[in-house]
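Visitor: Pasting in a structure now, in structure tokens, and then I'll have a few things to ask.
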Amino acid sequence: QVQLVESGGGLVQAGGSLRLSCAASGRTFSRNAMGWFRRAPGKEREFVSAINWSGASTYYAASVKGRFTISRDNAKNTVYLQMNSLKPEDTAVYYCAASTSNYDITQTIGYSYWGQGTQVTVSS
């Protein structure tokens, strides 16, 4: 059974940092793109960041570019999201996802597996 388990969420003040982790089990994703999405209260799930299988290519939403950094450790089957300079508008449930297709990895359709999410709350 494939599982993606996120961790590292929590409550932080504006300007602070958090590091999210997503550990995959049940199969290896070392040849697959991985991504992070988020859903704020009352809003649709939106793309945050993605990384190709090797880590050589990364993608970011305009709202987080320059503040968030995605990385991966294929030996650990884990992807990370370092979030700096957090803002109250970053408050959301953050989801990790794994791609098994060639669809656009900045869209939810590009992903086959999803984690349960981890809450990130940024206070002002």
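The values are calculated or read from the model by the stated rules, or taken from the named source; none is laboratory data. Bear in mind the structure is a predicted one, so any value in this text is a computation, not a measurement. Positions of Cβ are generated from backbone atoms using ideal geometry, with glycine treated the same way; all protein chains shown enter the neighbour counts. Accessible surface areas use protein heavy atoms only, side chains included; no ligands, DNA or RNA. Shrake-Rupley method; radii C 1.70, N 1.55, O 1.52, S 1.80 Å.
Visitor: With a sphere of radius 9 Å drawn around the Cβ of R45, what net charge do the other residues whose Cβ falls strictly inside it have (Lys, Arg +1; Asp, Glu -1)?
Guide: +1
Visitor: How large is the charge dipole for region 42-115, taken about the Cα centre, if only the Cβ atoms of Lys, Arg (+1) and Asp, Glu (-1) carry charge, to the nearest 20 debye?
Guide: For region 42-115, the charge dipole is close to 140 debye.
Visitor: Hey, another quick one. Can you give the charge dipole size of the chain about its Cα centre, rounded to the nearest 20 debye, using +1 on the beta carbon of Lys and Arg and -1 on the beta carbon of Asp and Glu? Spell out each step's value before the answer.
Guide: Details: 12 positive and 7 negative charges, 29 e Å.
Here the chain has a charge dipole of around 140 debye.
Visitor: Further, regarding this structure: What are the ³J(HN,Hα) values, in whole Hz, obtained from phi via the Karplus relation 6.51 cos²θ - 1.76 cosθ + 1.60 with θ = phi - 60°, for each residue of region 4-10 in sequence order, with x given for Gly and Pro?
Guide: 10, 10, 8, 8, x, x, x
Visitor: Same structure again: Taking the solvent-accessible surface of protein heavy atoms with a 1.4 Å probe, what is the per residue accessible area of region 17-104 in Å²?
Guide: Details: 4280 Å² over 88 residues.
Per residue, region 17-104 has 49 Å² of solvent-accessible surface.
Visitor: Here's something else I'd like to know. Quick one: net charge around G110, please, counting Lys, Arg +1 and Asp, Glu -1 for every other residue with C-beta under 13 Å from its C-beta.
Guide: Counting the neighbours of G110, the net charge comes to 0.
Visitor: Give the cross-link partners of K43 among the aspartates and glutamates, using a straight C-alpha distance below 20 Å as the criterion and excluding same-chain residues fewer than 8 apart.
Guide: E89, D90
Visitor: Report, largest value first, the span of the C-alpha coordinates of region 3-114 along each principal axis, in whole Å.
Guide: Result, largest extent first: 36, 26, 24 Å.
Visitor: Under 12 Å Cα to Cα from K65, which aspartates and glutamates show up? Leave out anything in the same chain fewer than 8 places away.
Guide: Result set, ordered by chain and number: empty.
Visitor: Considering only protein heavy atoms and a probe of 1.4 Å, how much of the accessible area of the chain is carbon and sulfur, as a whole percent?
Guide: 46
Visitor: I want the local charge near E89. Using Cβ-Cβ distances under 12 Å, sum +1 for each Lys or Arg and -1 for each Asp or Glu among the other residues.
Guide: My count for the surroundings of E89 gives +2.
Visitor: I want to verify a result. In a Gaussian network model of the chain, Cα cutoff 10 Å, which of these has the top mean-square fluctuation: S99, S30, S57?
Guide: S57
Visitor: Once you place label points 7 Å from the Cα toward the Cβ at S7 and S71, how far apart are they in nm?
Guide: Rounded to a tenth, the inter-label distance reads 1.8 nm.
Visitor: Another question, if that's okay. Using heavy-atom solvent-accessible surface (probe 1.4 Å) with all chains present, what is the largest-first order of L11, L4? Mind dumping the intermediate values first?
Guide: Values: L11 135, L4 10 Å².
Greatest to least solvent exposure: L11, L4.
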